[in-house]
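K.L.:
Next up is a structure, given as structure tokens.
The values are calculated or read from the model by the stated rules, or taken from the named source; none is laboratory data. Please read these numbers as outputs of a predicted model, since none were measured by experiment. When we count neighbours, we look across all protein chains shown, and the Cβ atoms used for this are built from the backbone with ideal geometry, even at glycine.
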Amino acid sequence: MSDDKKIILSGIQPSGKLTLGSYLGAIKNWAELADEYDCYYMLADLHAITARQDPAELRRTTLEQIAQYVACGLDPEKNTIFIQSHVPAHAELGWVLSCYTMFGELSRMTQFKDKSAKNAENINAGLFTYPALMAADILIYQADLVPVGDDQKQHVEICRDIAQRFNGIYGETFKIPEPFIPKVGARVMSLQEPENKMSKSDKTAGGCIYLLDKPEDILRAFKRAVTDSDTVVRYDPANKPGVSNLMQIYAVCAGKTFAEIENAFAGKGYGDFKTAVGEAVVETLRPIREKALELLGDKAYLEGIYKAGAERAARTANRTLSKVYKKVGFVAK
Ligand code: TYM
């Protein structure tokens, strides 16, 4: 990992099983960046506890997520893979940055509004200040690029604002990062309610596809996917959200353009189309599922990855934290 490479940081909350949405919106693009960039990918467990988690389940999904990162093509030799809580500097910088983040700007975060509306009994302070911690995650590595799905764009924007504010007060401290959002697949929708984002917390049966789902379950979910009363396969998200969502998924998994898909299914109706999308997803996920299940049998290997990752990550993170502590006026240890 050389110093002149540009830096990438991204993360996913291990708050449940990884979904096709997080794969197409984020992880799929991560693996392709390893040679060109110095990449840090974390499991955002500190973020995960902004919603109530079952402790045993959180531990299990965190390990499963590491196995899936590797199974999705993230080479642990080329990428720094680590668990957020193993690098305490994130929480420390998160606190500092929360003092440079305004109540008003946090109040405008759509994800805070959505999550507090869905979880009225647990609108905790962590859920509210979450973007300051996410800004710390990014800025502590001096990241140039943050590959995320569309729903995280606002959080990367507030991170830029916080960094600029801090730099404005104390002089050049943080690099200003850019979001890196895929053209297709940045917002995968539920198969049952295509007006809503595909989400790991979705309770609707068949709405969400998980990376470790069995092929027969995936095929069934796509056959039952909600479309519309029309019969034409055409990309038109406003009027045909279900079909357009399936087209996005198919375009990425089968490597086709929207025009190619429209031509291939002209006059064929939705049955054939939904089967083809399901099959393309099964084939995309099959090697990932097989590899992840194999890796999950080797806990020592997974432990080696996250321990080495945390050590590497901490070296970089602590450098930035020391610089920040000095700038704000803390006495050096
Ligand atoms: P999280 O865990 O909700 O989602 C992880 C990543 O997957 C993307 N994603 C989607 N993309 C397309 N369609 C979907 N339906 C879909 N669902 C999820 C998300 O955009 C995201 O890229 N706050 C972050 C985790 C985080 C982070 C960070 C990310 C913590 N610190 C620093 C980047 C940088 C989150 O909750 O993502």
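K.L.:
Criterion first (charged (D, E, K, R) and under 25 Å from Arg286 (Cβ atoms)) does Asp213 satisfy it?
P.N.:
For Asp213, the condition - charged (D, E, K, R) and under 25 Å from Arg286 (Cβ atoms) - is met.
K.L.:
Moving to a separate point now. Consider only pairs whose beta carbons are under 6 Å apart and that are at least six residues apart or on different chains; among these, list those whose first residue lies in the stretch 133-157 and is more than 20 Å from Glu195 (Cα to Cα) and among the acidic types (Asp, Glu) and whose second residue is surrounded by 24 or more Cβ atoms within 10 Å (Cβ to Cβ) and modelled with pLDDT of 95 or more.
P.N.:
From the stretch 133-157, the pairs are Asp137/His90.
K.L.:
Looking at Tyr170 and the list (1) under 23 Å from Arg52 (Cα atoms); (2) in contact with a Lys or Arg (Cβ under 6 Å, 6 or more places away or on another chain), which single condition is not satisfied?
P.N.:
So the condition that Tyr170 fails would be (1).
K.L.:
What do you reckon, is Lys6 surrounded by fewer than 22 Cβ atoms within 10 Å (Cβ to Cβ) and farther than 22 Å from Ile176 by Cα?
P.N.:
For Lys6, the condition - surrounded by fewer than 22 Cβ atoms within 10 Å (Cβ to Cβ) and farther than 22 Å from Ile176 by Cα - is not met.
K.L.:
Which helices (runs of 4 or more DSSP H) does the stretch 1-82 wholly contain that include 1 or more residues that are modelled with pLDDT under 95, within 12 Å of the ligand (Cβ to nearest atom) and at negative phi? Full working, then the answer.
P.N.:
Values: elements: 28-31, 45-48, 55-71.
Output list reads 28-31.
K.L.:
OK, next. Can you find, within the stretch 83-111, the residue that is surrounded by the fewest Cβ atoms within 10 Å (Cβ to Cβ) among those that are in a helix (DSSP H, G or I) and within 11 Å of the ligand (Cβ to nearest atom)? Talk me through it step by step, then tell me what you get.
P.N.:
Here is the first cut: in the stretch 83-111, the ones in a helix (DSSP H, G or I) are 84-86, 89-98, 103-107, 110-111.
From what is left, the residues that are within 11 Å of the ligand (Cβ to nearest atom) are 84, 90, 94, 111.
On the way: Gln84: 25, His90: 27, Gly94: 24, Gln111: 14.
Among those residues, the one meeting the criterion is Gln111.
K.L.:
Looking at the stretch 162-202 only, could you name the residues that are within 22 Å of Asn29 (Cα to Cα) and free of Cβ contacts under 8 Å to residues at least 12 places away in the same chain?
P.N.:
Lys183
K.L.:
Among the residues of the stretch 267-284 satisfying the criterion of being among the aliphatic types (A, V, I, L, M) and more than 17 Å from Asp228 (Cβ to Cβ), which is farthest from the chain's Cα centre (by Cα)?
P.N.:
Only one residue fits best here, namely Ala276.
K.L.:
Further question: Any idea which of (1) more than 24 Å from the chain's Cα centre (by Cα); (2) not in a helix (DSSP H, G or I) is the one Asn167 doesn't satisfy?
P.N.:
(2)
Matching residues to (1) part of a helix (DSSP H, G or I); (2) of a type outside the set (Phe, Trp, Tyr); (3) away from the ligand (no atom under 12 Å from the Cβ); (4) modelled with pLDDT of 95 or more:
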site	(1), (2), (3), (4)
Gly206	no, yes, yes, no
Ala221	yes, yes, yes, yes
Val226	no, yes, yes, yes
Ile249	yes, yes, no, yes
